[in-house]
Amino acid sequence: MFKILSNHIIAPEIRKIEIYAPEIAKRAKAGQFVVIRVDERGERIPLTLVDWNPNKGSITLVFQEVGVTTKKLGRVKKGKYILDVIGPLGNPTEVKNYGTIVGVGGGVGNACLLPVMREFKRAGNYTVSMIGARTSELLILEDELSEVSDELYIATDDGSRGYKGFVTDLLKRFLERRRPDLVYAVGPTIMMKVVSSITKPYGVKTIVSLNPIMVDGTGMCGACRVIVGGKLRFACIDGPEFDGHQVNFDALMNRLRMYKEEEELALSLLEKSIKR
Amino acid sequence: MVSRRSVPVRKLSLDKRLKTFEEVVLGYTESEALEEAKRCLKCKLEPCSKACPLNIDIAKFVEYIKERRFKKALEVILEKNPFPAITGRVCPQEVLCQRDCTLRKLGDPLAIGKLERFLGDYQIENNIMDLKVPEKVKGKVAIVGSGPAGLMGAVELRKLGYEVTIFEALHEAGGVMVYGIPEFRLPRRVLRFYINYVKKLGVNIVLDSVIGKIFTIEELLRDYDAVLLATGAGTPKFLNIPGEELNGVYSANEFLIRINLMKAYKFPYYDTPIKLGKRIAVVGGGNTAMDVSRIALRLGVEEVIVLYRRTEAEMPARREEVENAKEEGVKFMLLTQPIALIGDENGWVRKVKCIKMKLGKPDASGRRRPIPIPGSEFDVEVDNVVIAIGAEVNKLIQRTTPDLKVDRKGHVIVDEYGRTSIERVYAAGDVVTGAATVIEALAAAKKVAHTIHRDLHGGD
Ligand SMILES: Cc1cc2nc3c(=O)[nH]c(=O)nc-3n(C[C@H](O)[C@H](O)[C@H](O)COP(=O)(O)OP(=O)(O)OC[C@H]3O[C@@H](n4cnc5c(N)ncnc54)[C@H](O)[C@@H]3O)c2cc1C
Ligand SMILES: Cc1cc2nc3c(=O)[nH]c(=O)nc-3n(C[C@H](O)[C@H](O)[C@H](O)COP(=O)(O)OP(=O)(O)OC[C@H]3O[C@@H](n4cnc5c(N)ncnc54)[C@H](O)[C@@H]3O)c2cc1C
Ligand code: SF4
Ligand code: SF4
Ligand code: FES
C-alpha cells in the first residue's frame, strides 16, 4: 500500500501526484519510470518518475487523465492509498557532458523531459528545451523547465503561447542554424517520429523515450516490444530510451491502438459509475 | 491379483469445462483412493521413490492410505514435500515417479500423483500445517522470487532456523503458479493455502520489489547472511519471424499474465483487457501451449489450433494435459513451423505462413530434429497468434551484478551445491536450469537451503 501525499490538477486533465515510496525515492534516476496499480481490479500502467525526494521519501508523477487507470488515480485523495507502486524501472538516461543538448517535449511529455534536462544541465551541458502543447493552458512545468534550460522555446498548436505550430517546427528551424550534440525527445509517438526524421539528415544523435503499452514492466510479458534496428526489443528492460533513428514508429503507433475499443468501453463504464 | 488399470479419476463434464475456470480433474474420493492404493506392490527397491526428485517414501504413504490413516500418510509426504496438493496436480508423473513403477509391467502404473493430491486436499480441508521452527535464529537469508523454488527455499531455511525474507517483483506471490498455470489446473485456493502456510512459518514476503532495481544483490548482501536467487525463467521468447509486432499477437506470458494475474477474462469488471477473435493459433507444444489453448476455448474462441514443429510423441507437455486439451476440442497441426505472420491494413494479424516439417536424425536433446520440406508452405487464417515456444532467464539481475557468472543463455552458473560465482549468493530453479518443472525447482531449492546452512553454520 502506498500513501498519496498530494494530488493536484496542474492543467486541464493533467495531474501531479506525490506518493510515499521511500525505497524508490532513494534510488530513482532520470529517465526511469514506475508501474502502478490503483486497486484490486486495476490495470498496471507505467508512469515516468518526474521528481523524487529521498529525505521526504516521496516520488512525483505527472499524468494525463486519458482512461480508466489515470482517471481512477486522479480520484485518489491525499492521505489515501493505492495498492502497488513498482520501480524504479527501465534504464536511467545516460547522463554525461555531450555539449549542447536540445530536449523536445510534447504534452504531458514535458513533465518527463524535466528530470532528464535537469541532469543534463547538472552534468555541464548547454541545455535547450523546446516544449509544445495544444494550447497555453496545457503547457505544464514551464517554470521548472526554464530553471534547468539555458534556452527555452515554446510552441502551441493554436498560437496562444509562443510559436504557433508544432514544437517540431521549432526544432527544424533550430537545426537550420545550429548543430546540437544530442536531441532528446519525449511525448506523443508521432512527435518523436517527426523529431527523428528531422534530425536524421543532419546526423544528430537522437534519443527518444518510448511509451508502448506495458503490463509487468520487468521483461516478463513482451507487451512493450518495439522494433529497433530491425530487432524486437522490450522497452521496459532494454529501454525506454532508444536511438530514434532506429525505431520503427509506425509499428509502435499501431500497437498503441490495439485496445482502443476496450479502453473506450471501460472509460464509459467508469464515467457512468462516477455519475451515479 | 491386482487390477491392471488405475481407478479412473472423475473430471468436470465437458460442457461445464468450456464455460468456467473450475478445476477439470476432480481428484479421488476416499473410496477411490483406497481402491487405487490397494494396487501398490510395496516393492522393496522402491523404484518409484528413487524417480521422485524429492524421494518421497511412496510405498509408505500408500500403505497408510490403505489403512485409512490419512494424517499419518500425509506426514510421510510432508517430511519431504511441503506442497503435496500442488505437486500431486502438476508433476509430470509419467516421466517421474510413475515412470518406474513396477505396475507398469502389468498395465497402468500406480496413480501416485492422484494419491498424493488426495492427501494434499485432505491437508487443506483439515488445515494441517507443520509450523515447528527452531527458536534460536541462526541468521538471515534473502530469497529473490516467490515461485516454487523461492517458497521451498523459504520453508526449508525457516525450519533450519533462519529468518527469511522473500522479495517478489509482481504484486502477488507464487511465480508461474500464480501468473502462468491456470486455475482449472491449480485452483488459487490451493496456492493460497500454501502461501499462507509460508507466511505462518514466519517468512516475510515483500511484493512489488524488483531486485536489481530497488535493491542490488550487493545491497542485499549487506543486510543478509546469504541470498538465494529463485527468479525463474520468465522472459518470453519470440520466433524472430516477420510480423511478430502485429496487433493480435501475444507472447504466452502476456496472454497468461493478462488472464491469470490481471483477470482480463472478467474485463470490464477488471480493468485489464484481452482481445481475442474466433480463431487462434498457438505456437508450441509444451504445458504453456496447452494452457493457453484451453484458456482460449473457455473465453469463447471458436477454433484453437496448436502449431507444433515435431510430432505428438515429442511434445514436452504433461500427457494428461494434452489429453484434456484434445477432449476439449483443441486442434493440432503437427510438423508445422510458422515462418511469417501477415497482417491486414489495420495492422492486425490475419494469417500465419507455415512450412511443413519432417523429422530427421536425433539432435543433442535426443529428440529427432525437425527439418523443413521445401515448397510445402501454406497459410493458416487466424484472428490471433500466441507464441508459446518457451521462456528464457530475465537479465535484470545480471545487468546490475556483473560478477554473477552466467552461461551463454543467461542461466546462472552454480556448482553442484547451488553456489554461484559470488560468495554467499546461491541459485535454484528455472534461473539455473532454464524452463523446467515445479518439482525440479522444489528439489533444487531444498538442496541449496541445506548448502546455505552448511556454509553458514557447518550444518547439514
Ligand atoms: C515508460 C512509460 C512512461 C510513461 N510516462 C507517462 C507519464 O509520465 N505521464 C502520462 O500521463 N503517461 C505516461 N505514459 C503513458 C501512460 O502509461 C498511459 O497514458 C496510460 O497507460 C493510460 O492508462 P489509462 O488506463 O488511463 O488509459 P487507457 O484506457 O489505457 O488509454 C486511454 C487513451 O490513451 C491512449 N494510450 C494508452 N496507452 C498509452 C501509452 N502507453 N502512451 C500513449 N497513449 C496511450 C489510448 O490509445 C487511449 O486513447 C508512459 C508510458 C510509458 C510506457
Ligand atoms: C504456463 C506454464 C505451465 C506450466 N505447467 C507446469 C506443470 O504443469 N508442471 C510443472 O511441473 N511445471 C510446469 N511449468 C513450469 C514451472 O512452472 C516452472 O518450472 C517453475 O515454476 C519454476 O519455478 P521457479 O521458482 O524457478 O520460477 P518461477 O515460478 O518462474 O518464479 C520466479 C519468480 O521470481 C520473480 N522474479 C523474477 N525476477 C525477479 C527480480 N529481479 N526480483 C524479484 N522477483 C523476481 C518472478 O516474478 C516470479 O514470481 C509451467 C510453466 C508455465 C509457464
Ligand atoms: S512429488 Fe511429484 S514426482 Fe514426487 S511422488 Fe509426488 S507426484 Fe511423484
Ligand atoms: S513401484 Fe509402484 S507398485 Fe512398487 S512401491 Fe512404488 S508405487 Fe508401489
Ligand atoms: S512490459 Fe512486460 S516485458 Fe515489458
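The values are calculated or read from the model by the stated rules, or taken from the named source; none is laboratory data. Small disclaimer: the values here were computed from a predicted structure and weren't measured. Quick reminder, even Gly has a Cβ in these numbers, built from the backbone with ideal geometry, and neighbours come from all protein chains shown. When the accessible area is computed, the model is the full protein with side chains, heavy atoms only, and any ligands, DNA or RNA have been set aside. Shrake-Rupley method; radii C 1.70, N 1.55, O 1.52, S 1.80 Å.
Below, the figures for the structure above:
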| read-out | value |
| --- | --- |
| Neighbour net charge for residue B:241 - beta-carbon separation under 14 angstrom, K R +1, D E -1 | +2 |
| Mean Cβ neighbour count within 10 Å, used as a protection proxy, ranking B:309-316, A:157-164, A:107-114 highest first | A:107-114, B:309-316, A:157-164 |
| Over chain A: helical MRE at 222 nm, DSSP H runs n ≥ 4 each giving -39500 (n - 2.57), nearest 500 | -8500 deg cm²/dmol |
| Between the stretch A:1-19 and the stretch A:44-82, the alpha-carbon center distance in angstrom | 5 |
| Accessible-area ranking of B:333, A:1, largest first, probe 1.4 Å | A:1, B:333 |
| Chain A: relative contact order in percent, alpha carbon pairs under 8 Å with at least 6 residues between | 16 |
| Mean separation of Cα contacts under 8 Å (6+ apart) over length of the stretch A:86-135, as relative contact order % | 45 |
| Average beta carbon contacts from partner chains per residue of A:209-221, 10 Å cutoff | 6 |
| Neighbourhood charge, 14 Å Cβ-Cβ cut-off, centred on residue A:231 and excluding it, Lys, Arg +1 and Asp, Glu -1 | -1 |
| Rounded to whole Hz, the Karplus (6.51, -1.76, 1.60) HN-Hα couplings of the stretch B:75-84, x for glycine and proline | 4, 4, 5, 4, 4, 10, 9, x, 10, x |
| Long-range HN-HN contacts of residue B:306 with modeled amide H, under 5 Å | B:282, B:331, B:332, B:333 |
| Summed residue charge, Cβ within 13 Å of residue B:127's Cβ, Lys/Arg positive, Asp/Glu negative | +1 |
| Prolate/oblate/rounded call for the stretch A:100-256, Cα gyration tensor, a/c under 1.5 rounded | prolate |
| Per-residue mean of C-beta atoms belonging to partner chains within 10 Å, peptide A:233-243 | 1 |
| Probe 1.4 Å, all protein chains present, accessible-area order of B:397, B:371, largest first | B:371, B:397 |
| Cα gyration tensor of chain A - equivalent ellipsoid semi-axes, whole Å, descending | 29, 21, 20 |
| For a label point 7 Å along the Cα-to-beta-carbon line of residue B:127, residues of the stretch B:152-184 with backbone N under 20 Å | none |
| Average partner coverage of B:228-236, which counts Cβ from other chains inside 10 Å | 2 |
| Per-residue HN-Hα couplings for the stretch B:282-298 [Karplus 6.51, -1.76, 1.60; θ = phi - 60°; Hz; x = Gly/Pro] | 10, 9, x, x, x, 4, 4, 4, 5, 4, 4, 4, 6, 5, 4, 4, 5 |
| Heavy-atom accessible surface of the stretch B:236-391: percent carbon and sulfur, 1.4 Å | 51 |
| Computed helical MRE - 222 nm, chain B, DSSP H runs ≥ 4 contributing -39500 (n - 2.57), nearest 500 | -9000 deg cm²/dmol |
| Members of B:50/B:447; B:114/B:446; B:140/B:213; B:80/B:447; A:231/B:275; A:29/A:96 lying beyond 18 Å, as alpha-carbon distances in this model show | B:114/B:446; B:140/B:213; A:231/B:275 |
| Per residue convex hull volume, Cα atoms of the stretch B:236-391, in Å³ | 113 |
| FRET efficiency, residue A:134 to residue B:319 (Cβ-Cβ, R0 41 Å, nearest 0.05) | 0.10 |
| Compactness of the stretch A:2-89, expressed as Rg and Dmax over alpha-carbon positions, Å | 11.7, 33 |
| Cα-based Kirkwood hydrodynamic radius, the stretch A:26-156, one decimal, Å | 15.7 |
| Size of the B/A contact, given as accessible area buried on both chains, probe 1.4 Å, in Å² | 3900 |
| GluC sites (Glu not before Pro) within the stretch B:1-101: DSSP coil, no more than 12 neighbouring Cβ in 10 Å | B:67 |
| Accessible-area value, residue A:44, 1.4 Å probe, nucleic acids and ligands omitted, Å² | 10 |
| Sorted peptide list for B:252-260, A:95-103, B:205-213, criterion being average Cβ within 10 angstrom, highest first | B:252-260, B:205-213, A:95-103 |
| Square roots of 5 times each gyration tensor eigenvalue, C-alpha, chain B, largest first, Å | 35, 30, 21 |
| Under Karplus coefficients 6.51, -1.76 and 1.60, residue-wise ³J(HN,Hα) of the stretch B:423-431 in Hz, glycine/proline x | 4, 6, 10, 10, 8, 7, x, 4, 5 |
| Residues with amide H under 5 Å from that of residue A:215, placed H, sequence gap 5 or more | A:223, A:224 |
| Förster radius 25 Å - calculated FRET efficiency between residue B:42 and residue B:5 (Cβ-Cβ, nearest 0.05) | 0.80 |
| Square roots of 5 times each gyration tensor eigenvalue, C-alpha, the protein assembly as shown, largest first, Å | 49, 30, 24 |
| GluC sites (Glu not before Pro) within the stretch B:384-460, DSSP loop, no more than 11 other Cβ atoms inside 10 Å | B:416, B:423 |
| Interchain or long-range residues, amide H under 5 Å from residue B:166's placed H | B:143, B:204, B:205, B:206 |
| Interatomic Cα distance distribution for the stretch B:10-125, bins of 5 angstrom, percent | 2, 12, 23, 24, 20, 10, 6, 3, 0, 0 |
| Spatial separation of Cα centroids for the stretch B:34-65 and the stretch B:225-293, in angstrom | 37 |
| Label-point separation, residue A:169 to residue B:340 (7 Å along Cα→Cβ), nm | 4.1 |
